[in-house]
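Heads up, the thing below is written out as structure tokens.
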Amino acid sequence: MNNPYIAFFKISIKDNIAYFKDYLISTIGRLLTYILMIFVWNIIYLGGHLSEIGGFSLMQIDAYFVIGSAVFLIIDSMNDRILSDDIKTGNIAKSLIKPVNYVYMVFVESLADNVLVLPPVIITIMFVLYYLGISTSMLSIVTFMIIMLIGYAIINVIQFIIGSLAIYTTSAFGMSILFMNVASIFSGAVMPLTFFPSYISNITLLLPFQMFTYVPTSILIGIIPSSAYLYYILLGLLWLFALSILGYFLWNHVKKKISSVGG
Amino acid sequence: MNNDIVIKVDRVMKKYKVSESNSKKGLFNSFKRKKVIKVAVRNISLNIKKGSIVALLGKNGSGKSTLIKMMTGILYPDKGRIIVDELSPYNDRKKLALKMGVVLGAHGQLYWNLPAIDTFNFMKSMYKIPEKEFEKRLKLYIKMLSLKDVYKKPVRTLSLGEQMKCNFVASMLHNPKIVFLDEPTIGVDLPSKFALKEAISIAREKLGTTFLLTTHIVEDIEIADHVIVINKGRKEFDGTKKELERIFGDNRVVEIYSTNLRQINFKRYGRIMQKTGDMAKIEVKPSMLKNKEFLKMLNSRHVFDYRVSEPHLSYVLSKLYKSFDKKK
């Protein structure tokens, strides 16, 4: 196949495999913190003799944390770091001298990073559903996948926007950290959005962050009823559209300002 | 437009902001930085002929790389116009990329963890090179640059020179019409340097490829037909090698070998360039070669040998660079 983007995807995966062991170790490290969260919630539920908090039973909250953490792991596009590194090191020149669209190259590179994490994530999700005996419908699984795709597209655009701001600041590291911390709270990766006080959860339920963890996970484990699926898909698409327009104009402005290191 | 001209740069300007640290004393002042606008390229115009090898010279920070980055479409010029093979590099970047090869010294195209052959195959798909053509060209370059034992090993295990050669191959496989080489001989050993230069000459001969190379190394200029010198973003010289050699007039360099150098007052004849145990090198005006007193000195019994030559290019260049500093 002579498609440049497919060729780039293949060579990026080949290149990534060299770092795969490192990635696997850090992934296991991150999963450990979520296992700790499960212990904490178990104590809260069992110690307080509670059968339900915010619509979640103990079994559902356990499923939510494991699946949610797997989902949050794979949804991070890393575009901000790819772009900011390219600008900081001047590596952006490497892509700009090729007959390809730079923006697509960034997306393909991030996809090549994520594809490697996909098998362990799918295995984790299937294992949790099976082990905890959560029955889920075909419609839920399909909607879960659609929302995941929309969420992945949204985070791609947001992180691309953050990365392109590196033109002004040379490094987008601070903003990347800020975004991931805000995203982990408002996406529901720290706890389900319905656990927040209602005035906060009402706002978060309008924001795009929920597509990164809360919505797909809740759909899969049956917290969100199927009647609400269409609403979330449309809300996600609306955010994707609005952010894409913002990203498009920002990038067109920014690309004229690129000045890599050294003269 | 003249059909022979493949690159036309017309009154191009490029500025950028840099933050400079404050030189004022005091704890807080040392953290403050001021934004300074630096002009990297000032009003440069130049034409490059099809099938020529052009050396772009200049000190560090003279604006060479910025100029090349604008020609390749990586940077937008603030003012002026650039046409490369009838295309505008920044507006038709993707179209132009198909016709050009770029080796950016510090930023190789090779994948660090993979053997160079993976990058070559990637280039094949990227530039849609037909399989048979690809095999043929690859074979040719591997032979020419003796990469047989190199191109299947991971790039990280290669020496700097081997990496550079592989980088060169990666940017030549699609038979580009124009090739930009930014400091192509950094860290390259002598045999590889010769091989690289030979490959450049052969590509020009057989395919009519135009080469524009930036360099600090004088020997690299040997293969160039044309030399452009820039300093502080201004074009200071644009001409052939011969013209560059003559830039300071027809001065000659005289090497004088003598058992008793101290006896001779060289200052009377010209500028002393170098003095070692039994040799003195002086730069003299052409008229000096007919000066009776000078000839008498050369034929005196103190002097056992002498040689007259044209000044070496590296000397001319260092003199040229020094003259820039004086201008400041």
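The values are calculated or read from the model by the stated rules, or taken from the named source; none is laboratory data. What you are looking at is a predicted structure, and each value in this text was computed from that prediction instead of being measured. Positions of Cβ are backbone-derived with ideal geometry, glycine not excepted, and every protein chain shown enters the neighbour counts. Accessible surface is based on the protein model in full, side chains and every heavy atom, while ligands, DNA and RNA are left aside. Shrake-Rupley method; radii C 1.70, N 1.55, O 1.52, S 1.80 Å.
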Using θ = phi - 60° and the Karplus form 6.51 cos²θ - 1.76 cosθ + 1.60, what ³J(HN,Hα) does each residue of segment B:190-204 get, whole Hz, x for Gly and Pro?
4, x, 5, 4, 4, 4, 4, 5, 5, 4, 4, 5, 5, 4, 5
Note on the protein assembly as shown: C-alpha Rg/Rh, Kirkwood Rh, two decimals, gives 1.12
Using R₀ = 25 Å, calculate the FRET efficiency as 1/(1 + (r/R₀)^6) where r is the Cβ-Cβ separation of residue B:10 and residue B:59; round to 0.05.
0.55
Please figure out what share of the DSSP beta bridges in the protein assembly as shown is antiparallel and state it in percent, rounded to the nearest 5.
70 percent
Would you please give the residues with an amide H less than 5 Å from that of residue B:79, counting only those at least 5 places away or on a separate chain, with H modeled from the backbone geometry?
B:13
Excluding residue A:2 itself, calculate the net charge of residues whose Cβ lies under 10 Å from the Cβ of residue A:2, where each Lys or Arg counts +1 and each Asp or Glu counts -1.
+1
Just from its helices, what would the mean residue ellipticity at 222 nm be for the protein assembly as shown, if runs of 4 or more DSSP H residues each count -39500 (n - 2.57) and the sum is divided by every residue, rounded to the nearest 500 deg cm²/dmol?
-15500 deg cm²/dmol
Counting only protein heavy atoms, what percent of the accessible surface of the protein assembly as shown is carbon or sulfur at a 1.4 Å probe?
61 percent
How do B:194, A:186 rank by accessible surface area computed with a 1.4 Å probe, from largest to smallest?
B:194, A:186
Along each principal axis of its Cα atoms, how long is segment A:1-153 end to end? Whole angstroms, biggest number first, please.
64, 33, 25
Minimum 20 Å² accessible area buried by the other protein chains, segment B:113-141 residues, probe 1.4 Å, relative to alone:
B:113, B:114, B:118, B:122, B:125, B:126, B:127, B:128
Cα-only Debye scattering, segment B:37-170: base-10 log of I(q)/I(0) at q = 0.12, 0.22 Å⁻¹:
-0.60, -1.33
For the interface of chains B and A, what total accessible area is buried with a 1.4 Å probe, rounded to the nearest 100 Å²?
2900 Å²
Whole-number accessible area per residue in Å² for segment A:4-260, which is evaluated in the context of all protein chains at 1.4 Å:
47 Å²
Determine the order of A:138, A:175, B:288 by accessible area, beginning with the largest, at a probe radius of 1.4 Å.
A:138, A:175, B:288
Give me the accessible area per residue for chain B, probe 1.4 Å, as a whole number in Å².
52 Å²
Per residue, what volume in Å³ does the Cα convex hull of chain A take up?
147 Å³
What residues does segment B:56-89 have that are buried by at least 50 Å² of accessible area in the full protein assembly compared to the chain on its own, 1.4 angstrom probe?
B:69, B:74, B:76
Under 14 Å from the Cα of residue B:281 - aspartates and glutamates, other chains or at least 8 residues apart
B:255, B:305, B:310
In whole Hz, what ³J(HN,Hα) sequence does segment B:274-281 give by Karplus (6.51, -1.76, 1.60; θ = phi - 60°), x for Gly and Pro?
7, 9, 10, x, 10, 10, 10, 10
Can you pull the one-decimal nm distance between simple spin-label points at residue B:37 and residue A:173, each 7 Å off the Cα toward Cβ?
3.1 nm
